[in-house]
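The values are calculated or read from the model by the stated rules, or taken from the named source; none is laboratory data. Fair warning: this is a prediction, and the values are worked out from it, not measured in the lab. Every residue, glycine as well, gets a Cβ built from its backbone with ideal geometry; the counts of neighbours run over all protein chains shown.
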């Protein structure tokens, strides 16, 4: 278990400070995000023409829950991807890729007020223009 998710599980009262949601809201958001991801992946899978059997490739270091936590912590704290990588035990590039993967999915679930806060920062403006 990652130190960040372990910390959150041991100290559910601190979740509000880290991600801006209470513990129950966070768990509900994680379940909904994973469900939405699974649905979109299964729809995309139906459209694919596979040559190679599914299931190959390298396994991810972070679970879906940890990936979502990384994204939410970035949205709340606006820290660098280098620091997020260190906190979660992955590279800076992996932290950036994880954020860019989960951000559109969470954008469908999160309240617009949280996303508006992020839009106002200059370093994220380029990211929003690409969507």
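Data table
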| item | result |
| --- | --- |
| Residues (in contact with a helix residue (DSSP H, G or I) (Cβ under 7 Å, 6 or more places away or on another chain) and farther than 13 Å from residue 15 by Cβ) located in the range 58-67 | 62, 64, 66, 67 |
| Any hit, the range 25-47, residues being assigned to a loop (DSSP other than H, G, I, E, B) and surrounded by 14 or more Cβ atoms within 10 Å (Cβ to Cβ) | no |
| Candidate set: the range 78-111, residues that are in contact (Cβ under 8 Å) with a residue 40 or more places away in the chain and over 9 Å from the mean Cα position of the chain (by Cα); chosen: the one surrounded by the fewest Cβ atoms within 10 Å (Cβ to Cβ) | 108 |
| From 65, 116, residue being assigned to a helix (DSSP H, G or I), within 21 Å of residue 21 (Cβ to Cβ) and either modelled with pLDDT under 90 or touching a strand residue (DSSP E or B) at 6+ places or on another chain (Cβ under 7 Å) (or both) | 116 |
| Residue count for the range 25-48, restricted to those that are within 17 Å of the chain's Cα centre (by Cα) and without any contact (Cβ under 8 Å) to a residue 24 or more places away in the chain | 8 |
| Condition check for residue 70: touching a helix residue (DSSP H, G or I) at 6+ places or on another chain (Cβ under 7 Å), closer than 20 Å to residue 108 by Cα and assigned to a loop (DSSP other than H, G, I, E, B) | no |
| Filter pass, residue 124 being surrounded by 11 or more Cβ atoms within 10 Å (Cβ to Cβ), assigned to a helix (DSSP H, G or I) and either touching a strand residue (DSSP E or B) at 6+ places or on another chain (Cβ under 9 Å) or modelled with pLDDT under 80 (or both) | yes |
